[in-house]
Amino acid sequence: MLILCYHGISIRDEHRWNTGLYISRDHFADRLRTIRAGGYKVLSLSEAIQRLYANDLPPRSVVITFDDGMFDFYARAWPLLKEFQFPATVYLTTYYSEYNRPIFRLVCDYMMWQGRGALIEGERDKTIDLRTPESRANELKKLDDFAKANGLSARDKDCLAQDFARRIGADWDAILENRLLHIMTPAEAGELAQAGLDLQLHTHRHRTPEDEALFRRELDDNATRLQRLTGHKPTHFCYPSGVHYAGYPEWLRRWGVESAVTCELGVAAASNDAMTLPRLCDHAGLTGVEFEAWLCGLLHWFPRRTYAAVDPD
C-alpha cells in the first residue's frame, strides 16, 4: 500500500516559500480527484496496518497522513477530505498546540523569504542580508544559534521572532491573524477527532532524544494529551522530521506502539518492519504523472530522484 505524507496546505503563499513542505489547496484537491478517479481504496491507518500484516489488503490501497497537525489542515485540508469522504491520520505534536504561537524556526524562515532581496541596516551596525537563499539560510542560523546559546524558552523565541519581524518589516499581525505556521489548538484538534479524524503520536515537543527515558517521556506527554482529545490511547507513531535511530523501533515496541512511519520513500509491504514504514512525501515538485505512477506502484520499481524545496529566486 502507498502511505501518503503531507505537511501543509497553503493558507496564503506558503507553497511558494517552501515547496517541499507545502502544496496549494487546488493542488491537494487535484490529488484527491486523482485518487478517486483511479478507483483507489483509501483506508484508515489502523485498518491498513492490520490488513497489511494479515496479507488482506484490497487492491490499490492508499493511506493519507499529515505530519505535525498545522492549523492549515483544519482550515484547508479537512474540508476537502470531508468532501471526498476520505479518512486521514494526523500525527499531532502537542506542545505548540497548547502554546499556540507560530513555530519559531519556520516563521522566521518564512518572514525572510517574504522580504527576499533586501539588505537591511540593522541595529548596532549589523545588517540583515535577505538577498539570496544562502544569505537567508545564514541569517536563520544566526537566530537558531542565538536561541540555543541563550537557552530561550518558547515564549522568549516568540518574542525574538516578533522583534525580528519588526526589524525586517514583516507583517507580524497578519501572520497571527491568519494563523500561519501555527499548530491546531487542542479545541480544534478535538473537534476534528469528534468528527472522525484519527490523531496519533508525533512526540510532545517534536523531539526524538537518544536516551530511552527521555524518548518515553516524549511519548507519554504526547499520548496523555491525545487521549484527552480522543478518549483512547494512540498506538501509531511518526518520527519527527523522519529522524530514527537503531534503538527506536525496540523502544516503541516496548511502549506499545503498533506502527511507525518514516519519511523514507517507498511503498509499504508486509516485509517492512512495522516500526520503519516508508511513505511518499508528496510536494509541489512531484508531477501529476509521477503521483499517479506512485499510486499504481510503477515508480517504486524505477530509479528515484530526490526533491528539494525550490526558492523562487
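Things to note:
- Subset tally (residues that are surrounded by 15 or more Cβ atoms within 10 Å (Cβ to Cβ), more than 24 Å from Leu192 (Cβ to Cβ) and over 17 Å from the mean Cα position of the chain (by Cα)) for region 206-249: 5
- Subset of region 241-287 [part of a helix (DSSP H, G or I) and at pLDDT 95 or above]: Tyr248, Pro249, Glu250, Trp251, Leu252, Arg253, Arg254, Trp255
- When region 264-280 is filtered for residues that are crowded, with 16+ Cβ neighbours inside 10 Å and among the charged types (D, E, K, R), only Arg279 remains.
- Meets criteria (surrounded by fewer than 20 Cβ atoms within 10 Å (Cβ to Cβ), closer than 19 Å to Thr185 by Cβ, of a type in the set (S, T, N, Q) and out of contact with any Cys (no Cβ under 8 Å at 6 or more places or on another chain)) for Asn100: yes
- Options Gly190, Gly196: the member that is at pLDDT 95 or above, outside any helix (DSSP H, G or I) and either within 24 Å of Asp68 (Cα to Cα) or not aromatic (Phe, Trp, Tyr) (or both): Gly196
- Cβ pairs under 6 Å, 6+ apart, first in region 50-61 and crowded, with 16+ Cβ neighbours inside 10 Å, second part of a helix (DSSP H, G or I): Leu57/Arg51
The values are calculated or read from the model by the stated rules, or taken from the named source; none is laboratory data. Everything numeric here is computed off the predicted structure, so don't read it as measured data. Note that we place each Cβ from the backbone using ideal geometry, even for glycine, and neighbour counts take in every protein chain shown.
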